[in-house]
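Report on one structure; see the data block that follows.
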Amino acid sequence: MKEIYMDHVATNPLHPEVLEAMLPYFKEHFGNPLSLYEPGIKAREAIENARASTASLINAKANEIIFTSSGAESNNFALKGIAFANQNKGKHIIISKIEHHSILNSARFLEKSGFAVTYLPVDKYGVIDPAIVEKAITKETILISIIHASPEIGTIEPIAEIGKISRQKGIIFHTDAVASVGNIPVDIQPLNADLLSFAAHQFYGPKGAGALYLREGTRIVPLIYGGIQEGGRRAGTENVPAIVGMGKAAELAKRDLQERINHVKLLRDKLISNALKVERVYLTGHPEQRLPGHASFVVEYIEGEAMLLLLAGKGIYAASGSACSSKALKASPVLISIGTPAHLAQGSVVFTLSKGTTEEEIDYFNEVFPQIINQLRKISPFAKGWGDMEDKTCTPRK
Amino acid sequence: MQIPEVSSKVQNNIQLRFIDKPIEADATTDIIYMMCPMHLLIIDQKTKELKVGQILAVLTDYDGALEDIPAWCIKTGNEFLGVYEAEDHYKFYVRKLTEKSCIDKET
């Protein structure tokens, strides 16, 4: 059976050129970058080259990139590091209700440590209104952190405008750009961000490699103390192969970005328009302002997990949303914040495409998906309606 | 403005009950400092290890558990005995009433 991977927001395979670039650093160039002899110097040079190309992907300076182990680490580092570095100025932080758990749970941790957090609402498309951000600012506000693009509903936020407000008010601004960097053009200058998180495996780099952009001159409290790695801001012997891989992946992403976007956008639009032809299937997130390869839906009367199982049976791999909804069977906080009724939120499915996705695959998907919906609805206890399971506090939207 | 109709199932979920003193439990799981959704995953896993009728204590400082753990009990058909508020954490008590768990997707 042919396997069709449609979960590129979860992770991506390594680009063959990335693997090629990494291999020597597992073998002959194994030196510790801090060592003063030749193998150490080789490793150090490799890291600095990777730093330059990683920085270049977001139009930053090389010395503004701190390598981390993941997007989650970058997000934790940004929130905790900036909060603790600025707690004498104030103890108020603003985030949104649709942040990734690495932001949400870091914010909850900070609340327990004496900070106050405002969780901003979003509209029905998941868009954060910059005017609401401005209203939420108090004299105590030290940090604003808003997601650049939601991996769950694909919506791209007006980060440049929010960044502009933060800059005018003199408040540090962070954006979690894990789902966007490498998938859409991200230029740090017009975004007005002081910090930005991203991860290599979102653009065909290795897992275990992430980065935090930190604007020159911004103070941050380290999460990990120890040696002088990453300018003393993140101790621990560097993961040299992963960093080299991230650098190579960034170089390729910068080179091929427009081509990748053009490719996935066409296929995504085809997928969306076909899926919406099925009765009681709703698109989640913004119809236009969304990640180019991202299609997310709620399907009425059936469970997301059931769809995933049947799709997997047909060789199609997709996701149903966040860990909350898929592992803990709790309605996804993101879907609830865009006004999805709780009974509909259970029917969430997310399909994410990549440069490798083909037209034939989308045709096959378009044929299989409605069949699976029909098959599941036939056996769904709710096929004739929700009865008293319906959450009438919100209304669905086509 | 019309008040939205809330279904009986949703009303049933609101069953938070505080208790004055801790209960003797057959097993205790300490997930203090762990965040969402760890409490829902751990409670599911730990309940599976118990026999029907036994009591599990879940120690957590996560406020979301006040809503989630009673709701989890309703979904899975287990009994929520109450929550005791200790100095810096909550102790939730759950009696296992059934072998079934709605979170288990492996079967």
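Values for this structure:
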item	result
Residue in segment A:131-142 that is open to solvent by 10 Å² or more (accessible area, probe 1.4 Å), part of a loop (DSSP other than H, G, I, E, B) and acidic (D, E) present	yes
Residue that is least open to solvent (accessible area, probe 1.4 Å) [pool: residues in segment A:267-282 that are among the charged types (D, E, K, R) and closer than 20 Å to A:T155 by Cα]	A:R268
Failed item, numbered, when A:K124 is tested on (1) more than 18 Å from the chain's Cα centre (by Cα); (2) under 25 Å from A:P222 (Cβ atoms)	(2)
Any hit, segment A:349-366, residues being open to solvent by 20 Å² or more (accessible area, probe 1.4 Å), at pLDDT below 90 and either closer than 24 Å to A:D7 by Cα or touching a Cys at 6+ places or on another chain (Cβ under 7 Å) (or both)	no
Matching residues, segment A:179-197, being open to solvent by less than 40 Å² (accessible area, probe 1.4 Å) and within 21 Å of A:H263 (Cβ to Cβ)	A:A179, A:S180, A:V181, A:G182, A:I184, A:V186
When residues of segment B:42-73 are limited to those that are open to solvent by 50 Å² or more (accessible area, probe 1.4 Å) and within 24 Å of A:P333 (Cα to Cα), the one nearest to the other protein chains (Cβ to nearest Cβ)	B:D63
Close pairs (9 angstrom Cβ cut-off, 6 or more residues apart or separate chains): free of Cβ contacts under 8 Å to residues at least 12 places away in the same chain in segment A:270-281, among the aliphatic types (A, V, I, L, M) anywhere	A:E279/A:I373
Segment A:88-97 - residue that is within 21 Å of the chain's Cα centre (by Cα) and surrounded by 18 or more Cβ atoms within 10 Å (Cβ to Cβ) and, of those, nearest to the other protein chains (Cβ to nearest Cβ)	A:I95
Residues within segment A:286-301 that are open to solvent by 10 Å² or more (accessible area, probe 1.4 Å), in contact with a Lys or Arg (Cβ under 9 Å, 6 or more places away or on another chain) and of a type in the set (S, T, N, Q), tallied	0
Flag for A:N32 being of a type outside the set (G, A, S), open to solvent by 80 Å² or more (accessible area, probe 1.4 Å) and in contact with a Gly (Cβ under 7 Å, 6 or more places away or on another chain)	no
Of the criteria (1) hydroxyl-bearing (S, T, Y); (2) open to solvent by less than 90 Å² (accessible area, probe 1.4 Å); (3) under 29 Å from A:K112 (Cα atoms); (4) within 14 Å of chain A (Cβ to nearest Cβ), which one B:T76 fails	(3)
Segments classed as helices (runs of 4 or more DSSP H), wholly inside segment A:14-111, with at least 2 members that are closer than 26 Å to A:Q189 by Cα	A:38-57, A:71-85
Qualifying positions in segment A:169-194 - assigned to a strand (DSSP E or B) and touching a Lys or Arg at 6+ places or on another chain (Cβ under 8 Å)	A:F173
Of all residues making up segment A:144-161, the number that are hydrophobic (A, V, I, L, M, F, W, C), part of a strand (DSSP E or B) and either open to solvent by 20 Å² or more (accessible area, probe 1.4 Å) or farther than 14 Å from A:T352 by Cβ (or both)	4
Residues located in segment A:209-234, provided they are in contact (Cβ under 8 Å) with a residue 40 or more places away in the chain, open to solvent by 40 Å² or more (accessible area, probe 1.4 Å) and part of a loop (DSSP other than H, G, I, E, B)	A:R215, A:E216, A:R219, A:V221, A:L223, A:I228, A:R233, A:R234
Answer from A:A85, A:A116, A:A52 - the residue that is touching a His at 6+ places or on another chain (Cβ under 9 Å) and either more than 14 Å from every other protein chain (Cβ to nearest Cβ) or more than 21 Å from B:D63 (Cα to Cα) (or both)	A:A116
Failed item in (1) open to solvent by 30 Å² or more (accessible area, probe 1.4 Å); (2) without any contact (Cβ under 8 Å) to a residue 60 or more places away in the chain; (3) within 14 Å of another protein chain (Cβ to nearest Cβ), with A:H100 passing the rest	(2)
Lone unmet requirement of (1) away from every other protein chain (no Cβ under 14 Å); (2) over 20 Å from the mean Cα position of the chain (by Cα); (3) of a type in the set (D, E) for A:E73	(2)
Filter result for the condition that a residue is more than 20 Å from A:I98 (Cβ to Cβ) and of a type in the set (A, V, I, L, M), over A:I188, A:I162, A:I146	A:I188
Residue satisfying all of: in segment A:371-387; surrounded by 10 or more Cβ atoms within 10 Å (Cβ to Cβ) and at pLDDT below 75; farthest from A:E300 (Cα to Cα) among these	A:G387
Some residue of segment A:119-134 being closer than 29 Å to B:I32 by Cβ and within 14 Å of chain B (Cβ to nearest Cβ)	yes
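For (1) surrounded by fewer than 24 Cβ atoms within 10 Å (Cβ to Cβ); (2) over 19 Å from the mean Cα position of the chain (by Cα); (3) at pLDDT below 95, each residue gets a yes or a no:
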position	(1), (2), (3)
A:G236	yes, yes, no
A:T284	no, no, no
A:E303	yes, yes, yes
A:A312	yes, yes, no
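The values are calculated or read from the model by the stated rules, or taken from the named source; none is laboratory data. Small disclaimer: the values here were computed from a predicted structure and weren't measured. Cβ sites come from the backbone with ideal geometry, for glycine too, and all protein chains shown count toward neighbours. Heads up: the accessible areas ignore ligands, DNA and RNA and are worked out on the full protein's heavy atoms, side chains in. Shrake-Rupley method; radii C 1.70, N 1.55, O 1.52, S 1.80 Å.
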